[in-house]
1. Give a residue-ordered list of calculated ³J(HN,Hα) values for segment 374-379 (Karplus: 6.51 cos²θ - 1.76 cosθ + 1.60, θ = phi - 60°; whole Hz; x for Gly, Pro).
2. If R0 is 30 Å, what FRET efficiency do you get for THR64 and TRP374 from their C-beta distance, rounded to 0.05?
3. Please give the per residue accessible area of segment 80-139, computed with a probe of 1.4 Å over protein heavy atoms only, in Å².
4. With a point put 7 Å past each Cα toward its Cβ, work out how far GLN338 is from LYS173 in nm, to one decimal.
5. Full-extension gain between TYR242 and ASP99, please, as 0.36 nm times their residue separation minus the C-alpha to C-alpha distance.
6. For a quick check: with amide H placed at 1.01 Å from N, whose amide H comes under 5 Å from GLU312's, ignoring anything fewer than 5 positions away on the same chain?
7. Would you work out the relative contact order for segment 282-363, in percent, from Cα pairs under 8 angstrom that are 6 or more residues apart?
8. What are the ³J(HN,Hα) values, in whole Hz, obtained from phi via the Karplus relation 6.51 cos²θ - 1.76 cosθ + 1.60 with θ = phi - 60°, for each residue of segment 243-249 in sequence order, with x given for Gly and Pro?
Amino acid sequence: MYPLCCRRGHFLHGPYPATHFGPKACVLPNPTSVMHIQDPASQRLTWSKPPLNVLIIRKIRDETLLEPFKELCRFLVEKHLMVYVEKKVVDDGSLMTDDSFSAIRNQLCTFREGYDDISDRIDLIICLGGDGTLLYASSLFQGSVPPVMAFHLGSLGFLTPFKFESFKTEVDKVFEGNAAIILRSRLRVKVVKGMFQRNEQLFSTQGNGIAPHNHINNEAGKITLQLQVLNEVVVDRGPSSYLSNVDLYLDGRLITSVLGDGVIVSTPTGSTAYAAAAGASMIHPNVPAIMVTPICPHSLSFRPIVVPAGVELMITLSPDARNTAWVSFDGRKRQEIQHGDSIKITTSCFPVPSICCHDLVYDWFDSLAQCLHWNIRKKQTRLTDASDSSETEN
């Protein structure tokens, strides 16, 4: 895979902040810093070498995408590019019986999810479908992710800014380089089973239910699952009729207990998904942050919060929980969480470089307006001159 370069420029809110304060004070250098907010105009994609291998992700079980898929494959193959497609997509009955497509189909490289590792071969990902295709593409790359170009051929299309009608022109622009990109941060998630131990409280619990000195043992347990998640991690009560009761830790310190239907831990990209439906604020994907949103909390004062991207969150069942909990990752790999298990979440070092149609500011606000109808209302009519004068007199 040819390396991807992202031009770095000055920061969004002025120059890089000074780290020395007065004659003797300074900030301790941190080599593990996660990300910075860049000027949108400086976040551009370039190629160190021409891209050769393209992965096409197509929404399955949608017959309307057959023709766009065939057009895109033919266009890329005629450019002498290696095109990778999932085997179940190529084995589609409509494609197998299409004699006019057989020559192109024989030149496609196929793979099977979970069996074939193509993470080090792909230079560019092109998605045809809705937001789910981009989420699926992200799940295929648990390390570094190639740049993703997403065409809106699905239902919502919040993450898919390109229109397929002009796909040839848009794809050629990307191959030429100098395209605007947005680095969509992901969550690095670990599920640890068993052997969870909580140390005794060093101080008594405060009246608000927070134990600021209640630490946990991070070394115990066995890691059974590690994932990169683009949208959110959802912990809910599952089929139980009881409220879920989970403890939330931040950097090993108990912050609060969540009593309700569950809790959502999301990226800024995921802030416009399930989190938005649960009442969270919508955050631009370029902001380095993690959102914590309760689902129907049994508390009038439990508001969604935003924490820095570098912290580690951990979720466990409360000792007095009446039932187990269930967790899912971008809507997949759903599993039960029992007493003694824990879910550790922090910001991943491997974002998804999503190619913009215009730029990373315009695309986001356009999606808010077009997909979610954000702040769209009938415009207020202008007052007449007569009314203006009468209002002034009054």
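1. For segment 374-379, the Karplus-derived couplings read 5, 6, 9, 8, 5, 5 Hz, x marking Gly and Pro.
2. Calculated transfer efficiency: 0.65.
3. Spelled out: the 1.4 Å probe surface of segment 80-139, per residue, equals 46 Å².
4. For GLN338 paired with LYS173, the spin-label model returns 5.4 nm.
5. Extra length from TYR242 to ASP99 when fully extended: 45.8 nm.
6. Amide H neighbours of GLU312, under 5 Å, 5+ apart: ASP251.
7. 24 percent
8. So the J values, rounded to whole Hz, are 5, 6, 9, 10, 9, 10, 10.
The values are calculated or read from the model by the stated rules, or taken from the named source; none is laboratory data. Small disclaimer: the values here were computed from a predicted structure and weren't measured. Reconstructed Cβ throughout: ideal geometry from the backbone, glycine too, with neighbour counts over all protein chains shown. The area values use the complete protein model at the heavy-atom level, side chains included, leaving out ligands, DNA and RNA. Shrake-Rupley method; radii C 1.70, N 1.55, O 1.52, S 1.80 Å.
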